[in-house]
Structure formats: structure tokens, C-alpha cells
Amino acid sequence: MAGESPGGDRGAGDGDGADGGDGTDRPPALFDGTGDALAAIADRLAAADGLSFCTDFDGTLSPIEDDPDAPELPPENRAALEALRDHDRGRVAVISGRELADLRSRVGIEGIAYAGNHGLEVLRDGETTVHPVAKKRQRDLERIVDDLDDRLAGTDCFVEDKSVSATVHYREEPDRAEAVHEAVEAAVEGVAPGGFERSTGKAIVELTPTVAWDKGGALSLLTTDFDGWLPVYVGDDTTDEAAFRALGEEGVGVHVGTGEDTAADYRIDDPSAVERLLDWFRTEGLAALDRSSPRDESPEPSVSPRSSTDT
Ligand SMILES: [Mg+2]
């Protein structure tokens, strides 16, 4: 439930209560001028074995643009993510609705995990896996995309084939919204009735295989082997809510936007605040992590147990 304690020790002395201080059910603002929320996260990092920093891409790491080909990873965010990756107890995952190949080339950071198509495609430790149901539906999807290309021929609407999902864009012709929705429905019914779910976004219709899997499943998969590590998830869209819910009280969820109707623990305004957040994790966050002692190692963090003997 939004507004609930994130499970850490955010402190009873917040003063303005756990509802963000404005009488609504929204989570508190992370950058509220007091530094209390950041101090609470630092405390949790100082008690954690490591940091799993997971994040959405569009509208989070990069501002939303009209042209889906435009978003790029700002250099400041790249540097911060690389620093988190390079920490010996830090890891990074980017989870997006974009096709895996597109996401990977857009972010372009080696040595991190990626989940594309809302988690239907996952790349980690150099290995790519595709959800088996999504894989089975790829032929059907090809036929649906071909059919939609025909139906939308002569308009400025277009179909983006994302291998295991597809997105129909009609931002150039918003008046066609209803016709596009009808075309999508007809194409799906003609090829694979019930086989694909339709969801609506900003001047888009998304088609994904009907499968019980989402960004929350992807997040759980990517963090499951890291017991004791603090998972963090940052995202701006409704599809990110599944990831916030998957975190539960174990992690820290940060919603980018107004914070209405979110399961996240905190909210920040926009991608420029994400840059600030990443910078905090790169500096203060990693410093807090360095104060912690991983469970399987010596409680003396200044002495590296690995450098003393062999090699
Ligand atoms: Mg997004």
C-alpha cells in the first residue's frame, strides 16, 4: 500500500507522517530538503551485503521524447551506473519495455543485466533467455504485424516489431486512435484470439503475449541470487508498479513522477532528479555500503582478505 513504511528505519520522527506530508496517499518525496529519506537509505546500505540497483530506461534514465528513437543515456547517468557496476558489491540491471537489443545498444554498458520487453527477454552473465511462451508466440506475432502493416498502409501510423511484442504508434494521427485500436483487435482475433494482451500508452497500443510475467517477475529473477543485498528500483510508468510490488519491504522503490497510485516507497519529480539520485548512490550510497561488512567476510573492511595470501 502506498504510504506504508518501506520496511527500513525511516524513523518515526519524520514529523509530517508517512503520507508525504500533503494529506494524500502519495509516498514521501525523496528530496524533501531534510535529507531524512536519503539517511534512511544510507542506513540500510550500511547494513546490507551489497546493492542491486535496478532501473527503468525511458522517462527514468532518459527523458521521454516524441520520437522513440531519440532517447539516449545521459553521460552523467552512464558514469554513475558504471561506478555502481564497478563496486565489488554493486550490480546494475536495466528493465524496460523496449526490445532487448534496442535497450542494450541504447544504454551500451557492458557487464550489467538487461531485461527487455518488460522482462520477456533477459540478458545476464552474458546469456540471453526468452520466456518460453513468448518464444512460442513469435510466429503468430509476425503474422499479426504483417496484417497490421496492411491495415495501416497509407496512414502515418506504424508498427514497431519488438520480436516478442509489438507497439503500434499513432502519435502523428491522434484522430485515428479508435481506428487503430479496432485494427489491432481485428488482427489479433484473426491470428491468435486470446494469445495477446493489448495495453494502451501515450499514443501507442502495445501487444504482448498473454503470459503471467512482468517487470516484477524480471526484478525477482535478477535479484534472487543476491540475498542480503539491498534491491533498489526506479521507474516512472504503470508497468513499473509490478516491480515496486515485487520489492516488497525488502527493497527501496522510487517512483519518478507525481507519486499518485504507486506502490513505491518514495517519489522524485523527473529524470533530472534521477540524475541527482544516481549521483547520490555513486557517492554517498557507495560510501554507506563501504561501511557495511558482508556476512561472509571479516568485519575489518580495511583489510582485504583476498590480497593477503595467494597470487
Ligand atoms: Mg519508463
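The values are calculated or read from the model by the stated rules, or taken from the named source; none is laboratory data. Predicted model only: the values in this text are computed from it and were never measured. With ideal geometry, Cβ positions are generated from the backbone for all residues, glycine too; neighbour counts draw on all protein chains shown.
Selection of the stretch 165-186 for residues being part of a helix (DSSP H, G or I) and charged (D, E, K, R) yields Asp175, Arg176, Glu178, Glu182, Glu185.
Among residues of the stretch 228-242 that are touching a residue at least 12 places away in the same chain (Cβ under 8 Å), those with a Cβ under 9 angstrom from a residue that is among the polar types (S, T, N, Q) and surrounded by fewer than 21 Cβ atoms within 10 Å (Cβ to Cβ), sequence gap 6+ or separate chain, pair up as Thr239/Ser199.
Within the group Glu275, Glu250, which residue is of a type outside the set (A, V, I, L, M), over 14 Å from Thr55 (Cβ atoms) and in contact (Cβ under 8 Å) with a residue 24 or more places away in the chain?
Values: Glu275 fails: over 14 Å from Thr55 (Cβ atoms).
From the options Glu275, Glu250, the qualifying one is Glu250.
In this structure, is Val107 away from the ligand (no atom under 16 Å from the Cβ), crowded, with 17+ Cβ neighbours inside 10 Å and under 25 Å from Val164 (Cβ atoms)?
Numbers: away from the ligand (no atom under 16 Å from the Cβ): no; crowded, with 17+ Cβ neighbours inside 10 Å: yes; under 25 Å from Val164 (Cβ atoms): yes.
No: the conditions fail for Val107.
So, Thr258, is that one in contact with a Lys or Arg (Cβ under 9 Å, 6 or more places away or on another chain), in the same structural domain as Pro28 (by TED's automatic domain parsing) and surrounded by fewer than 17 Cβ atoms within 10 Å (Cβ to Cβ) or not? Answer is yes for this residue.
Residue-wise test of (1) more than 15 Å from the ligand (Cβ to nearest atom); (2) modelled with pLDDT under 95.
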{"position": "Gly13", "(1), (2)": "yes, yes"}
{"position": "Asp16", "(1), (2)": "yes, yes"}
{"position": "Asp22", "(1), (2)": "yes, yes"}
{"position": "Arg26", "(1), (2)": "yes, yes"}
{"position": "Leu38", "(1), (2)": "yes, no"}
{"position": "Asp56", "(1), (2)": "no, no"}
{"position": "Thr60", "(1), (2)": "no, no"}
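Considered as a group, the residues in the stretch 87-98 that are modelled with pLDDT of 95 or more and more than 20 Å from Gly285 (Cα to Cα) include one that is farthest from the ligand (Cβ to nearest atom), and that residue is Ile95.
Criterion first (of a type in the set (A, V, I, L, M), closer than 25 Å to Val205 by Cα and buried (at least 16 other Cβ atoms within 10 Å of the Cβ)) does Val133 satisfy it? If you could, list the steps in order and put the result at the bottom.
Numbers: of a type in the set (A, V, I, L, M): yes; closer than 25 Å to Val205 by Cα: yes; buried (at least 16 other Cβ atoms within 10 Å of the Cβ): no.
So Val133 fails the test.
From the list Asp125, Asp156, Asp146, Asp150, which one is assigned by TED's automatic domain parsing to the domain that holds Ser52 and without any contact (Cβ under 8 Å) to a residue 60 or more places away in the chain? Before the answer, list the steps.
Working: Asp156 fails: assigned by TED's automatic domain parsing to the domain that holds Ser52; Asp146 fails: assigned by TED's automatic domain parsing to the domain that holds Ser52; Asp150 fails: assigned by TED's automatic domain parsing to the domain that holds Ser52.
So the residue among Asp125, Asp156, Asp146, Asp150 that is assigned by TED's automatic domain parsing to the domain that holds Ser52 and without any contact (Cβ under 8 Å) to a residue 60 or more places away in the chain is Asp125.
Please state which one of Ala218, Ala203, Ala242 is within 16 Å of the ligand (Cβ to nearest atom), touching a Pro at 6+ places or on another chain (Cβ under 9 Å) and not acidic (Asp, Glu).
Values: Ala218 fails: touching a Pro at 6+ places or on another chain (Cβ under 9 Å); Ala242 fails: touching a Pro at 6+ places or on another chain (Cβ under 9 Å).
One residue alone meets the criteria, Ala203.
For Ala264, the stated conditions do not hold, so it cannot be described as farther than 22 Å from Glu76 by Cβ, more than 14 Å from the ligand (Cβ to nearest atom) and out of contact with any Ser or Thr (no Cβ under 6 Å at 6 or more places or on another chain).
How many of the residues in the stretch 221-235 are out of contact with any Lys or Arg (no Cβ under 8 Å at 6 or more places or on another chain) and modelled with pLDDT of 95 or more? Break it down stepwise before answering.
If we filter the stretch 221-235 for residues that are out of contact with any Lys or Arg (no Cβ under 8 Å at 6 or more places or on another chain), which is where we start, we get 221, 223-225, 227, 231-234.
With modelled with pLDDT of 95 or more added as a condition, the list becomes 231-234.
Final tally of qualifying residues: 4.
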